[in-house]
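This report refers to the structure that appears directly beneath it.
All of the numbers you see were taken from the coordinates with simple rules; none came from a lab. Remember, it's a predicted structure, so these values are computed and weren't measured experimentally. Cβ placement follows ideal geometry from the backbone for every residue including glycine, while neighbour counts extend to all protein chains displayed.
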Amino acid sequence: MRTRFAPSPTGFLHVGGLRTALYAYLIAKQTKGKFLLRIEDTDQERSVPGAVENILSTLHWAGLHPDEGVMMRKGIMAQEGTKGPYIQSERTEIYKKYADELLAKGLAYPCFCTPERLTKMRDDQSARKQAPMYDRHCLSLPKKEIEQRLAKGDPHVLRLHVPHERTITYEDEIRGAMSFQGHTIDDQVLLKSDGFPTYHLAHVVDDHLMEIDLVIRGEEWLSSTPKHLLLFELFGWTPPKYAHVPLLLNKDRTKLSKRQSAVAAEDYIKEGYLPEALLNFLALLGWNPGSEQEMFSLPELAEAFSLERVQKAGAIFDTEKLLWLQGQWIRRLSPQDFAERIRPMVVARFPDADQDPHFPERAALIQGRVTFFRETPEMLGFFYEEPKVTMGLLANPKQKVTPELLPKVLKALAKTLDLLPDNKWTIDTLKEAVQKTMKKEELGQGQILWPLRAALTGLPFSPGAYEVAAALGKTATMARLVSAQKIAA
RNA sequence: GGCCCCGUCGUCUAACGGUUAGGACGCCAGAUUUUCAAUCUGGUAACGCGGGUUCGAUUCCCGCCGGGGCUGCCA
């Protein structure tokens, strides 16, 4: 199946847009079809410079690579495919041609009404509690006058002449049977006075010409679908299938907005979320696999996804579960991969980490404990700089470690550990030695392990004492025990 | 106001006439533990309301209520 994602370059890629793109991508992959990217920049006023590049790079980050249309090639924007151009502002001649066809067949008509007149008309209608709809003033203009004004170049738009007596029905892939009465449908503007098409005309022309089989888009388009269907019919084209996905909502159940939440996908990239986590989360917002599986990679999603299991109701964009998924995906990284990914960040803060041959083991110590990579430099700092050990940290009432007890504990620790040869410096042997000392000195676990860990890390919380000592190595461990003894003395 | 869509724990959701209404996140408790996390176990918590249809409705129908989207020469 040929599916597409067709964003407007009006700013950043919205998380809702990313989810729509994901669904379209999944269907394309699942059916061994093509995923197209088209840019809908027909509103000159709202187009933002750089927005296309931003959308492209975000999709790239997510791994949703287009097979056709607009994409990044060697870092620059390119268009690939035989049905281009894929940027609507480069297709104005095409739209004009089809608009003329409708005009010639009498299926659309020119409208010369000024924005002022239209505003007043709508205000009056609202005041009378009527639905604001174009009153067809220009539909009844004498042919002669139309020709004259057209020839004169009077500003005008082209409107669709909607057959009021018709009932338009279709089967939505997600919502099932849908039905609309013609008389409730406004005579939609198809061509604006600046010559650009509106979304409605452009969507129909493009999705036909680009041979799109399935349009997946947000629910906000549901009520304009009959206009689109009508256009396909007037042109004599087979319409694509439509799937209207439910909206993403704010906590108060209104349409997800920038005011209330972080809605730019880029915000989540900056936060440090893994693409796997964001995509997994987005996929599950409004869709479920019908099994109890919670974690899905992109290929797994392509396998499991189906429009029949997409929800009809909107979903609140509550990132609590995203956070959990992020932790899960971090833990799922191979230890090597994890180490490589965090290394630059750790090196940026502690240059010594760059040449550290033990970096992978040290990184492995914290992989199960973090949610974001950015937490790691802080957690590994004690490997690369002297810990800031204080009496306040070493002594810990909760662990029954008193200032008086400390010198004795540290001394015993230093003595036994010094007996361990370098080549036997492992978690197991360390544990054995410490446990023995603990019994001999009649100490509790906390009384011996807390001071050890605190002396080695200088932190109130960290990986366990044995793990840290093993990863630190004998020389550093002994040196830190000596320093701690001085502080405790 | 009109048109259209939607309605299960706080949140994301399962169920497709018969279940102690299931799972996940969160929260709470316990286990583990030298700490903090992680992990494991358990617990808390939902069918919007009213009519039908039916032996039986969360499930089907109608009404109400509630929420949302659209109602632009924006997408």
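The fraction of all Cα pairs in chain A landing in successive 20 Å bins from 0 to the largest distance is 19, 37, 23, 14, 6, 0, given as whole percents. Taking amide H positions as modeled 1.01 Å from N, with prolines and chain starts lacking one, the residues under 5 Å from A:T198 and 5 or more places away or on another chain are A:L191, A:K192. The HN-Hα couplings worked out from phi for segment A:300-314 by the Karplus form 6.51 cos²θ - 1.76 cosθ + 1.60 (θ = phi - 60°) are 5, 5, 4, 6, 8, 5, 7, 5, 4, 9, 8, 5, 8, 8, x Hz, whole numbers, x standing for Gly and Pro.
Using C-alpha pairs under 8 Å with a sequence gap of at least 6, the mean separation divided by the residue count of chain A gives a relative contact order of 12 percent.
From the square roots a ≥ b ≥ c of the eigenvalues of the alpha-carbon gyration tensor of segment A:91-245, which class results: rounded (a/c under 1.5), prolate (a/b over b/c), or oblate? The shape class here is oblate.
Stretching A:D194 away from A:E386 to a fully extended chain increases their span by 62.3 nm, per 0.36 nm per residue minus the current alpha-carbon distance.
In terms of other Cβ atoms within 10 Å, A:I168, A:I342 run from fewest to most in the order A:I168, A:I342.
With neighbours defined as other Cβ atoms within 10 Å of a residue's Cβ, the residues A:T92, A:T20, A:T426 order from fewest to most as A:T426, A:T92, A:T20. Structural descriptor for segment A:333-384: relative contact order 45 percent, calculated from alpha carbon pairs under 8 angstrom and at least 6 residues apart. Would you work out if segment A:376-444 is rounded, prolate or oblate? Take a ≥ b ≥ c from the square roots of the eigenvalues of the alpha-carbon gyration tensor; rounded if a/c is under 1.5, else prolate when a/b is larger than b/c, oblate otherwise. Verdict is oblate for segment A:376-444. If a/c stays under 1.5 just call it rounded; otherwise compare a/b with b/c (prolate if a/b is bigger, oblate if not). Do that for segment A:181-246, with a ≥ b ≥ c from the square roots of the Cα gyration tensor eigenvalues. Since a/c stays below 1.5, the shape of segment A:181-246 is classed as rounded. Computed 3J(HN,Hα) for segment A:76-81, one whole-Hz value per residue from the Karplus formula 6.51 cos²θ - 1.76 cosθ + 1.60 where θ = phi - 60°, is 10, 6, 9, 10, 10, x, glycine and proline marked x.
Per residue, the average separation of C-alpha pairs within less than 8 Å and at least 6 apart gives segment A:320-406 a relative contact order of 29 percent. In order along segment A:250-262, phi translates into HN-Hα couplings of 6, 4, 8, 6, 8, 3, 3, 10, 4, 4, 9, 9, 7 Hz, rounded to whole numbers, per the Karplus curve 6.51 cos²θ - 1.76 cosθ + 1.60 with θ = phi - 60° and x for Gly and Pro.
With 0.36 nm allotted per residue and the present C-alpha distance subtracted, the A:E361-A:V48 stretch has 108.0 nm of extension available. Using a cut-off of 21 Å between Cα atoms, the listed pairs A:K408/A:K486; A:K34/A:K312; A:K34/A:K83; A:K255/A:K312; A:K29/A:K74 include A:K34/A:K312; A:K29/A:K74 as exceeding that distance. Amide H contacts under 5 Å for A:F5: A:L36, A:L37, A:R38, restricted to partners 5 or more places along the chain or on a different chain, H placed in the peptide plane at 1.01 Å from N.
Calculated mean residue ellipticity at 222 nm for chain A: -13500 deg cm²/dmol, from DSSP H runs with n ≥ 4 weighted as -39500 (n - 2.57), summed, divided by the residue count and rounded to 500. Here the gap between A:H65 and A:Q293, fully extended at 0.36 nm per residue and compared with their Cα-Cα distance, gives a gain of 79.6 nm.
In this calculation the C-beta distance from A:E220 to A:A78 is compared with R0 = 41 Å, giving a FRET efficiency of 0.85. Taking the Cα centre of chain A as origin and assigning +1 to Lys and Arg Cβ atoms and -1 to Asp and Glu Cβ atoms, the resulting dipole is close to 1080 debye.
For the pair A:R117 and A:F372, a Förster radius of 60 Å applied to the C-beta separation gives a FRET efficiency near 0.60, rounded to the nearest 0.05. Amide H to amide H, with H built 1.01 Å from N, A:Y242 comes under 5 Å of A:E173, A:V215, counting only residues 5 or more places away or on other chains.
Not counting the cut sites, what is the longest span of chain A without GluC sites (Glu not before Pro) that DSSP labels loop and that have at most 14 other Cβ atoms within 10 Å? For GluC sites (Glu not before Pro) (loop position, at most 14 other Cβ atoms within 10 Å), the longest site-free span of chain A is A:46-164. Applying a 4.7 Å cutoff between beta carbons, the unpaired cysteines of chain A are A:C113.
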